[in-house]
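Notes for the one structure printed next.
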Amino acid sequence: MDQILEYSPILIEGTITTIELTVASAFVALIISFVVGLSRFSRFSAVRISAIIYLEFFRGTSAIVQMFFMFYVLPLLGVHLAPLLAGIIACGFNLGSYGSEVVRGAVQSVPRAQHEAATALNYTTYQKFRYVLLPQAIPVMIPTFGNLLIELLKLTAVASLITISDLTFMAQIIRVQTALTLEPFVIIMVIYFIIASCLVGITDFIAKKITKGRNITVRKEI
Amino acid sequence: MEWSWQVALDVLPQMAQGLVITIEATFIGAILAYALGLMLAILRMSKSRAISLTTYWVSEFIRRTPLLVQLYFLFYVLPDLGLFLSPLAAGILGLGLHFSTYTSEVFRAGIENVPHGQWEAAKSLNYKPYQTMRYVILPQAIPPMIPPLANYLITMFKETPLLSAITVVELFNAANIYSNSHYKYLEPMTLVGAFFLIVSIPSAYIAMRLEKKYQRRGGGSV
Amino acid sequence: YAGTLDDLREQGYATVAVANEPPYSDIKGDGYVTGAAPDVARAVMAKLGVPELKAKVVGYGSMIPALLARRVDMATSGLYIKPKRCESIIYSEPDLCGAEAFAVAVGNPHKVKTYEDIAANPDLTMTTCAGCVEEAYALERGVKKEQIKVFTDPPSGIKMLQQGRVDVFALSGLGTADLLKKTNDPNLELVMPVKGVPIGCAGAAFNPDDKEFRDAYDAALAELKESGEFAKIIEPYGFSAEATLEVKRDDFCPGN
Amino acid sequence: MSKIIEFQNVSKSYGQLQVLKNLNMHVEAGEKLALIGPSGSGKTTILRILMTLETINSGHVLVEDDYLWHQRVNDDLVPASEKHLRKMRQNVGMVFQQFNLFPHLTAIENIVQPQVLIKEVDKPDAMNKARELLALVGLEDKEQHYPHQLSGGQQQRVAIARALAMDPKIMLFDEVTSALDPELVEEVLNVLRMLAETSDTTMLTVTHEMNFARDFADRVLFFEKGQIVESGPPEEIFKNPKEERTRNFLRQIIGELS
Amino acid sequence: MSKIIEFQNVSKSYGQLQVLKNLNMHVEAGEKLALIGPSGSGKTTILRILMTLETINSGHVLVEDDYLWHQRVNDDLVPASEKHLRKMRQNVGMVFQQFNLFPHLTAIENIVQPQVLIKEVDKPDAMNKARELLALVGLEDKEQHYPHQLSGGQQQRVAIARALAMDPKIMLFDEVTSALDPELVEEVLNVLRMLAETSDTTMLTVTHEMNFARDFADRVLFFEKGQIVESGPPEEIFKNPKEERTRNFLRQIIGELS
Ligand SMILES: Nc1ncnc2c1ncn2[C@@H]1O[C@H](COP(=O)(O)OP(=O)(O)OP(=O)(O)O)[C@@H](O)[C@H]1O
Ligand SMILES: Nc1ncnc2c1ncn2[C@@H]1O[C@H](COP(=O)(O)OP(=O)(O)OP(=O)(O)O)[C@@H](O)[C@H]1O
Ligand SMILES: [Mg+2]
Ligand SMILES: [Mg+2]
């Protein structure tokens, strides 16, 4: 155990990298989720089709394959990304594809009658989405987004394979330097669990805040 | 860098062998995930608070920590504790265990989504608990479970490349090993990505069809 | 890319890919990277007017791709000079040489002394790292592909040996010795040197477009060797300066 | 006539909310009873207690002179076991507001399955009985339809047939038409009117349809806040309610009609 | 008086099902019209076409002498653009069976938001108007309540106020009480009766409540299978329907009452 303690600086560094990677890619994923998710409702078929291609591509291939591709192949094609950036983009684009489905589903779950009420009051399409549909859809999205955030955190571990110095990568360094196995893995699993539990707590808090005083039942999705 | 068909042809046979392992891992892993998931769901719905809470936290721990780290753990730590697993067996166990925490939610939601009125109707007709489950609840709960369970099969398929980290030579690792010894990255990685798309897009389509097919019948118990 | 070295001088540091491979590299608890290979590189680069060396720890198999993708300016730590590799990258003159070693169960029950011994007994299995020279040695000497299980990192390889998943662990002599010392398992023993394979020599590796940079590096390395400073850097890590001075890059990769 | 149902000082609360307060009432065998009263007065709760879908907090409920929620063990009254409850449930059948047909079974299977599983009737006999009952409720031509292929009124009639197939001594109907489109209400009420006239089963029905209550019931109970305010034959209750509160309620509900 | 709405040979089908068949009708400005008829006769469809929630297959609909579903471009009639539809919608307001209030806004925000967004009224003016209207429908004390905190009847009254706030020339009411508990129906109908008397807006209402139709309407249209069977003042239609089919329908619906 003493040996492990000696490595606490790099464990802390790894934890910070993992959190940075999670937060930054969550941000990327969130933007993509809305852009791609809402594109599915576009009047223009070109926009809708692009959104579907994006979705199927990033949802259809493994995250690890996408990362290797971005890290090893893109540079050969002339696109140079710093490893952390490659990791953020890979994680963000991957999760963004799942998130876009959440956005689409939540908007679709707003009853048809609400569309009709907005039309009857002569709302424009933009106003309908901005003032009627999204305010009702966002609370529905939050729990699922919470689950996706956990998926994202776990996905960042895979980034260790493209040599981003996250928590998992640091555990590997410690293993090689100390020839210990059980201890580094147990420690990082506990750290992951703690980070994930904080994320769960934060989402629950937001969900409570946003539904407070309103009759919106926020369901945990499967 | 130029695409070389020579390299592509060279790596294909090895990838084909890897694909067999990938498919094996996916299906056995899925069966395990379904069986363990059902067990977890039953334990979770147990009347004993201790059993149900323990199940909950164990599931959450598994669900909130990365599969990659769990795989390392199963492969490198378990043997020290006396359980010796081949790489593929450890990989399948890891996949099955990790995803059982997801499938268990499908089972639970499937059963809980049967309207309350159905339990009451069965009770008012004097059905025994076993008869209620067997003749009333399960026939209604199972069809809606099929699409999400099929979706997890696809997800597991996409996660199999993680097994490369514990020396399983599946599709991705086969390509990766080739890359490492021939220092060619473009073709193998692109082919792996293409392989995944070829399998997962049609399967996603089939899963969608299943979803349509098994949508809850209207009427009945409104 | 003629001006790579000038660029590095200007920015004041170079990034170097280092694998997690004691004693070639040694990563401290606070993340500082030392070890024989990075220390040599540090001294050479200082001579070339690049005061700082930023080490990027990567997987062993990731050093070459990282170089090719120009994610790093150079790579060093147990990257042996091998003809196959020379097709993709260019090397400096050898800096660290050593014999090969096996780790086996204590008493060496299968009497494995050479790769040929492994090839002769198809029931035996061995492990080494992905893309490592030992894999090539084994295949060249008749070991079947099925007999080789690659590990992701050396301790995992030792674990496999301890757990009986494999019969032989093959790696550079110093790496194996270091690992056995840390593992401190009385059930394992070291076989060194492995006969019938050349002494392996590693060098710093460069992107093939950086020939000028490499040549400058060679010149500075030669000075270092002559001054005796070189021996002072590597010997504390267990490497022999003498062995290194006897060989040339052209012995492995003529014209690289 | 003999008492078939008796409530002795029954209280029932949901959390803070006391729904039934020391309720005493009884029903004679063969009686047709209509329970009326404002929303939330506890009408549904009474039926659900009789069907053992809700427990009670204090008091006793007797069905056929046997304790429903308790059982006697060596002269002590202890909470009823599941076995005792299953025995008592044989006496009672219930039809719900939301029909609750089994959606994965056809109309006839809905009626056959409980007979076969619970009463252990042979399948052919159960089929015969199911056909008779479907004819009784006017649905002989729908036996192979699934619930979702039937209108609400038709579903509710199948639900009535299903409950009848179990030969309960007591039938409970909880606002069986309130989930139906207005056009479909009459067909279901007509079936109930017919049953009230032809069968000697004891029947309790909760309803908001006052015209129907008048035709159907031998006796009307007016509830408010978990207590019986007034009880009597329908002519009396509807023409000359004694209590101010009954009058108010009836005015409110029938107001528009007269 | 002048025609404010005109249907010229309008047909409308859903797939195979023809819901409106060459319908011709018109409504005078300020008229209060009640549409009655059996389920599926196309009453809702007419309102939805006027609200531009459904398109038509052939014929023309005119509102204030302007084509609703078409527009004139160089003497040609072409399908209406979204812009034209938005202009035409300004004339029409609709209240739905299921209220369709925006659940994330309070009662008053429901009335303020469309005024601010669509009519570009200043927020304070919109608030004043919303308060007036809430008072009109008897809900001055509920302005800060969210829809789920209101009873069905109260929600429906807010929905009426919301539609009125847009100052439409034509108001459409589609069975505005049919989703309400019986006790709550009257409060909403009273608001509508009051509006019919005090406002000169043109109003079309679909209803199953014949007593209400009688009070509310200047003219009653009886529909069946997408066609007008009979039209006239309520006294005539309800007392002396000319057509056999009207008589049958009224007997069925009012039968129980008389
Ligand atoms: N499961 C429950 N949990 C909490 N409160 C309940 C529950 N079931 C019923 N109640 C409350 O108990 C009271 C009586 O309910 P009950 O359903 O018996 O009334 P009711 O007379 O049938 O009314 P209605 O005419 O609306 O059906 C109501 O205030 C109701 O809100
Ligand atoms: N979106 C739709 N798709 C297919 N059929 C529809 C659709 N909307 C309505 N219909 C059908 O069109 C017919 C007329 O419907 P409409 O709603 O206008 O009748 P209605 O007179 O309002 O009846 P109700 O009194 O039941 O409300 C009905 O047979 C209905 O099933
Ligand atoms: Mg009730
Ligand atoms: Mg309608």
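Values quoted throughout were computed directly from the atomic coordinates according to the rules given, and no laboratory measurement underlies them. It should be emphasised that the depicted structure is a prediction, and the values quoted were computed from it without experimental measurement. Cβ: placed from backbone, ideal geometry, glycine included. Neighbour counts: every protein chain shown.
Observations on the structure shown:
- With helices as the sole contributors, chain D gives -10500 deg cm²/dmol at 222 nm; each DSSP H run of n ≥ 4 counts as -39500 (n - 2.57), and the sum is divided by every residue.
- Taking only the alpha carbons of region C:66-207, we obtain Rg and Dmax values of 15.2, 46 Å in that order.
- Dipole magnitude of region A:2-65, debye to nearest 20 (Cβ charges: Lys/Arg +1, Asp/Glu -1, about Cα centre): 800
- Of C:Lys181/C:Lys248; C:Lys145/C:Lys181; D:Lys12/D:Lys43, pairs whose Cα-Cα distance is over 20 Å: C:Lys181/C:Lys248; C:Lys145/C:Lys181
- For B:Val20 and B:Ala89, a Förster radius of 25 Å and the Cβ-Cβ distance give a FRET efficiency of 0.95, rounded to the nearest 0.05.
- Neighbour counting of Cβ atoms within 10 Å sorts the residues B:His182, E:His148, fewest neighbours leading, into E:His148, B:His182.
- Summarised in one figure, the compactness ratio Rg/Rh of chain C, Cα atoms and Kirkwood Rh, is 0.98.
- Stokes-Einstein D in µm²/s, Kirkwood radius over Cα pairs - the protein assembly as shown at 10 °C with 1.306 mPa s viscosity: 44
- Cα centroid separation, region A:154-185 to region C:24-63 (Å): 19
- Cα gyration tensor, chain D - rounded (a/c under 1.5), prolate or oblate: oblate
- Extending 7 Å from the Cα toward the beta-carbon at both B:Ser52 and B:His116 defines two label points whose distance is 1.5 nm.
- Positive-end residue of A:Gly37, C:Ala130, B:Tyr127, charge dipole of the protein assembly as shown with Cβ unit charges: B:Tyr127
- Region E:74-227: relative contact order in percent, alpha carbon pairs under 8 Å with at least 6 residues between: 27
- The H on the amide N of C:Lys149, modeled in the peptide plane, is under 5 Å from the matching H of C:Met126, C:Thr127, C:Thr128, each at least 5 residues off or on a different chain.
- Just checking the listed ones, C:Asp30, C:Asp39, C:Asp178: in the Gaussian network model of chain C with Cα springs under 10 Å, the one fluctuating most is C:Asp30.
- Least to most buried among A:Ser109, C:Ser172 (fewest other Cβ within 10 Å first): A:Ser109, C:Ser172
- Label-to-label distances for D:Asn74 across copies, nearest first, come out at 10.4 nm, using points 7 Å from Cα in the beta-carbon direction.
- Calculated label separations, D:Ser199, copies of the chain, 7 Å along the beta-carbon direction, nm: 5.0
- Between D:Gly93, D:Gly15, D:Gly138, the GNM of chain D built on Cα springs shorter than 10 angstrom shows D:Gly15 fluctuating the most.
- Kyte-Doolittle mean at least 1.0, axial Cα span of 15 Å or more - DSSP H helices of chain B: B:5-44
- Residue order, fewest to most beta carbons within 10 Å, for A:Val158, A:Val65: A:Val65, A:Val158
- For region D:193-258 versus region A:4-46, the inter-centroid distance based on Cα atoms is 65 Å.
- Set of aspartates and glutamates with alpha-carbon distance to D:Lys32 below 13 Å, sequence-local pairs under 8 removed: D:Glu197, D:Asp200, D:Asp215, D:Asp218
- Between D:Glu132 and D:Leu53, the FRET efficiency estimated from the beta carbon spacing at R0 = 22 angstrom works out to 0.20.
- Rounded to 10°, Cα long-axis angle of helix C:173-183 versus longest principal axis of chain C: 70
- Here region C:66-107 and region B:35-82 have alpha carbon centers that stand 42 Å from each other.
- From most to least packed by mean Cβ count within 10 Å, the peptides C:88-99, A:112-123 give C:88-99, A:112-123.
- By the combined test of axial Cα extent (at least 20 Å) and Kyte-Doolittle hydropathy (mean at least 0.5), the qualifying DSSP H helices of chain A come to A:8-39, A:45-60, A:83-109, A:134-158, A:182-211.
- Trypsin sites (Lys or Arg not before Pro) restricted to region C:1-52 and DSSP loop, no more than 16 other C-beta within 10 Å: C:Lys28
- Modelled this way, with points 7 Å down the Cα-to-C-beta line, the labels at A:Asp2 and E:Asp181 are 7.4 nm from one another.
- Cα gyration tensor shape of region D:124-258, rounded if a/c is under 1.5, else prolate or oblate by comparing a/b with b/c: prolate
- Cα gyration tensor category, rounded, prolate or oblate, for chain A with a/c compared to 1.5: oblate
- With N as its number of residues, region B:5-216 has a Cα radius of gyration that, divided by 2.2 N^0.38 Å, comes to 1.23.
- Backbone N under 18 Å from the D:Ser199 label point (7 Å along Cα→Cβ), restricted to region D:61-104: D:64, D:89-102
- Which listed pairs, of A:Lys209/B:Lys123; D:Lys83/D:Lys129; A:Lys208/B:Lys213; B:Lys212/E:Lys21, have C-alpha distances above 31 Å, in listed order: A:Lys209/B:Lys123; A:Lys208/B:Lys213; B:Lys212/E:Lys21
- Distance distribution note for region D:97-167: the fraction of Cα pairs above 16 angstrom is 36%.
- Across region D:97-167, C-alpha contacts under 8 Å between residues 6 or more apart give a mean separation that, scaled by the residue count, equals a relative contact order of 46 percent.
- Base-10 log of normalised Debye intensity for region E:1-115 (one unit scatterer per alpha-carbon) at q = 0.13, 0.14, 0.22 Å⁻¹: -0.60, -0.69, -1.35
- The label point for A:Thr125 and the one for D:Val73, both projected 7 Å from the Cα toward the Cβ, are 7.0 nm apart.
- Chain E: relative contact order as a whole-number percent, Cα under 8 Å and 6+ apart: 24
- Take each residue in C:54-66, count the other chain C-beta atoms within 10 Å of its C-beta, and the mean is 5.
- Convex hull projection area averaged over all views, region B:99-197, Cα basis, nm²: 8.2
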